[in-house]
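Undergrad: Please read through the structure below; I'll follow up with questions.
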Amino acid sequence: MEKRGQWSSRFTFILAAIGSAVGLGNAWRFPGLAAKHGGGTFLVVYLFAMLAMGIPLLMMEIAISRKLRKGAIESMRGIGKKWEPVGWAATSNAFVIVCYYAVVFAWVILMFVNSWQFAGMTGKKTASDEASALFFKLTHTTGAIDGTLIPGQVLVCLLIAWGLIFFCIRNGANSVGKVVKFTVFAPVLLLLIMAIKGCTMPDAIEGIKILFIPKLEAFKDPTLWVDAIGQVFYSLSIMMAIMFAYGSYLGDDADIAADAMIIAFSDMAISVLSGIVMFSTMGGTGMLDKITDSGIGTAFIVYPQAIVNLTNIGWFNAVFGAIFYLMLITLAIDSAFSIVEGISAAVSDKFHLKPKTVTISVCAIAGIISILFVSQAGLAWLDIVDHWANSVNLILVGILECVAIGWTFNLRKILDEVNKNAKNFRTPFWWFAASIKFIAPVLLAGLFVWNMVDLFYTKHGTYDPNYPIWAQIAAGWAVSALVFLSGFIAKIFIANQKKKGLTEDEVVWKDN
Ligand code: PHE
């Protein structure tokens, strides 16, 4: 058997995990949600959700996979044989997510390549309209389940996106380690440049105020809690098979307790930094009321308007636009490849396959599926799939993981693994246990019920009445069903393969 890949250093692991956590979600989802929920108010609740659930669960996933040296599927099997399907569900959902995350990544590349066009829009009366129409013009999107055209230029960008993803993970931990040294620092640098530009604009302070000053009445809105909890999970890349994979490449000497804190707080810091960029630029261009929580609109439709309104100098605005989209490229790429790596590690561990073979297959299959999302109807499909993947699948996986690990396994053992090399900071048992056994499953279950009520009661079984029901059943409910059935389908397949000589590992937690 091949030797398992390992991170070349502690620093590399931290960078890779930060790279995965920091993605498009930080750049626009976070600022959009903050705007919706009274700025500082959102920050406070987000911090609470991070401490109450995010960080302990992050430590938990890393510790389990470091101990067992396995990806998500086999790691969950190590918790208990009957929990293996939970690992499959996490992995399958990761697969669903990467199919469209790659497309958003491709759109970012598309806008980067076309940012020169901003130069010609500046100073005109119709500049804002032209800028916001650019995305529609390039992607030919209809925004509805309608239209089959696939624009060549977007397809090429999608190909580039997949090429880059594959290039970064072709040799697992080895190649990832080399790339993240660049892809983590580059966006931070670019964000800083944009923050300086943003904050030196006349009305920037109005935007910054919205981001930081808490509005007390916002606490009353229950969607504040729902959004903050969802954002913590999405942003830390937990429950997506990723942290299991990254943890499994960790050396025995890693200080998981401290590393998880560094990862989580860096993630939060970068969210706040991109919030500053968004709000100062929007404030400076007088567009504060246009920040929305539906991220895609902000990045591709609203932000271009801000770009052309920055100055009257066309080339300057175009350069700023290029920097913005380059920043998004460097932000998105390490999240995109981390999710492929999560799938690849889980599957190759399960079936004793060569990781590289699995990586190629995942990129190829997901690549073909992702073509659906670059068609004219792509944005609508993406919207539907994204909604179910995050507000149904991700949360259900979270609940199941917490129940499996918190209630049927010995949490002390996991915490010992977390604290094994702890020096300055040891995670206390009460925090770990309270979070995994009670707070996380209860709040997640509440969130799940909330989403279901919203879906069925408020919206009558559909997520968005503008899309046809069949599309929501196919891309929403049916995909969710497949995600959760995948473990059982795999079981039948494995039973068959066993007759042909496949052996299944016993994954056992050996006490030291
Ligand atoms: N944490 C990522 C972000 O904030 C989300 C993500 C990571 C999504 C990996 C998919 C895959 O954007």
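The values are calculated or read from the model by the stated rules, or taken from the named source; none is laboratory data. In this text, all values refer to a predicted model and were calculated from it rather than measured experimentally. Backbone-built Cβ (ideal geometry, glycine too); neighbour counts: all protein chains shown. Note: accessible area is taken over every heavy atom of the protein model, side chains too, but ligands, DNA and RNA are not part of it. Shrake-Rupley method; radii C 1.70, N 1.55, O 1.52, S 1.80 Å.
Undergrad: Which condition number does I196 fail, the rest of (1) assigned to a helix (DSSP H, G or I); (2) open to solvent by less than 70 Å² (accessible area, probe 1.4 Å); (3) more than 16 Å from F30 (Cα to Cα) being met?
TA: Exception for I196: condition (2).
Undergrad: Sticking with this structure for a sec: Determine which member of the set K498, K510 is open to solvent by 40 Å² or more (accessible area, probe 1.4 Å) and not in a helix (DSSP H, G or I).
TA: On the way: K498 fails: not in a helix (DSSP H, G or I).
Among K498, K510, only K510 is open to solvent by 40 Å² or more (accessible area, probe 1.4 Å) and not in a helix (DSSP H, G or I).
Undergrad: Are any residues in the stretch 420-440 β-branched (V, I, T) and not in a loop (DSSP other than H, G, I, E, B), and if so, which ones?
TA: Here is the first cut: in the stretch 420-440, the residues β-branched (V, I, T) are 427, 436, 439.
Passing the criteria: I436, I439.
Undergrad: Further question on the same structure: Collect the residues in the stretch 449-462 that are modelled with pLDDT under 90 and in a helix (DSSP H, G or I), keeping them in residue-number order.
TA: Within the stretch 449-462, the first condition is being modelled with pLDDT under 90, and the residues that meet it are 450-462.
W450, N451, M452, V453, D454, L455, F456, Y457, T458, listed by residue number.
Undergrad: Under 7 Å by Cβ, and 6 or more places apart or on different chains, what pairs join a residue from the stretch 461-482 that is more than 21 Å from T91 (Cβ to Cβ) with one that is open to solvent by less than 20 Å² (accessible area, probe 1.4 Å) and at pLDDT 85 or above?
TA: Listed pairs, sorted by first residue: T462/Q472; Y463/I384; Y463/Q472; Y463/G476; Y467/A380; Y467/I384; A471/I384; Q472/I384.
Undergrad: Taking the stretch 346-361 on its own, how many of its residues are out of contact with any Lys or Arg (no Cβ under 8 Å at 6 or more places or on another chain) and open to solvent by 40 Å² or more (accessible area, probe 1.4 Å)?
TA: 7
Undergrad: Which condition from (1) closer than 21 Å to F105 by Cα; (2) crowded, with 24+ Cβ neighbours inside 10 Å; (3) polar (S, T, N, Q) is the one that Q305 breaks?
TA: Looking at each condition in turn, Q305 falls short on (2).
Undergrad: Mind checking whether some residue in the stretch 25-43 is over 26 Å from C168 (Cα atoms), among the hydrophobic types (A, V, I, L, M, F, W, C) and touching a strand residue (DSSP E or B) at 6+ places or on another chain (Cβ under 8 Å)?
TA: Yes, the conditions are met somewhere in the stretch 25-43.
Undergrad: Which members of the stretch 140-194 meet the condition of being farther than 30 Å from Q6 by Cβ and either of a type in the set (G, A, S) or under 18 Å from the mean Cα position of the chain (by Cα) (or both)?
TA: Of everything in the stretch 140-194, those that are farther than 30 Å from Q6 by Cβ and either of a type in the set (G, A, S) or under 18 Å from the mean Cα position of the chain (by Cα) (or both) turn out to be G143, A144, G147, G152.
Undergrad: For residues that are open to solvent by 20 Å² or more (accessible area, probe 1.4 Å) and of a type in the set (A, V, I, L, M, F, W, C), scanning just the stretch 97-136, find the one that is farthest from the ligand (Cβ to nearest atom).
TA: In this case the residue turns out to be A119.
Undergrad: State all residues of the stretch 234-261 that are within 16 Å of the ligand (Cβ to nearest atom), buried (at least 24 other Cβ atoms within 10 Å of the Cβ) and not aliphatic (A, V, I, L, M); if no residue qualifies, say none. Working first, answer last.
TA: Just the residues of the stretch 234-261 that are within 16 Å of the ligand (Cβ to nearest atom), to begin with: 234-247, 260.
Going one step further and asking which of them are buried (at least 24 other Cβ atoms within 10 Å of the Cβ), we end up with 235-247, 260.
Result: S235, S237, F244, Y246, G247.
Undergrad: So which residues in the stretch 53-71 are more than 14 Å from L411 (Cα to Cα) and open to solvent by 10 Å² or more (accessible area, probe 1.4 Å)?
TA: Passing the criteria: L68, R69, K70.
Undergrad: Scan the helices (runs of 4 or more DSSP H) fully inside the stretch 45-119 and keep the ones with 3 or more residues being among the polar types (S, T, N, Q).
TA: Values: elements: 55-68, 72-79, 84-113.
The helices (runs of 4 or more DSSP H) meeting that bar are 84-113.
Undergrad: On to the next question. Specify which of the listed residues (A228, A245) is in a helix (DSSP H, G or I), in contact with an Asp or Glu (Cβ under 7 Å, 6 or more places away or on another chain) and at negative phi. Lay out the reasoning, then the answer.
TA: Details: A228 fails: in contact with an Asp or Glu (Cβ under 7 Å, 6 or more places away or on another chain).
Exactly one of A228, A245 is in a helix (DSSP H, G or I), in contact with an Asp or Glu (Cβ under 7 Å, 6 or more places away or on another chain) and at negative phi, namely A245.
Undergrad: Can you find even one residue in the stretch 322-345 that is surrounded by 22 or more Cβ atoms within 10 Å (Cβ to Cβ), more than 20 Å from V22 (Cα to Cα) and within 16 Å of the ligand (Cβ to nearest atom)?
TA: Looking through the stretch 322-345, at least one residue is surrounded by 22 or more Cβ atoms within 10 Å (Cβ to Cβ), more than 20 Å from V22 (Cα to Cα) and within 16 Å of the ligand (Cβ to nearest atom).
Yes/no matrix, rows are residues, columns are (1) in contact (Cβ under 8 Å) with a residue 12 or more places away in the chain; (2) under 28 Å from D511 (Cα atoms); (3) within 13 Å of the ligand (Cβ to nearest atom):
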residue: F13; (1), (2), (3): yes, yes, no
residue: G19; (1), (2), (3): yes, no, yes
residue: A27; (1), (2), (3): yes, no, yes
residue: A49; (1), (2), (3): yes, no, no
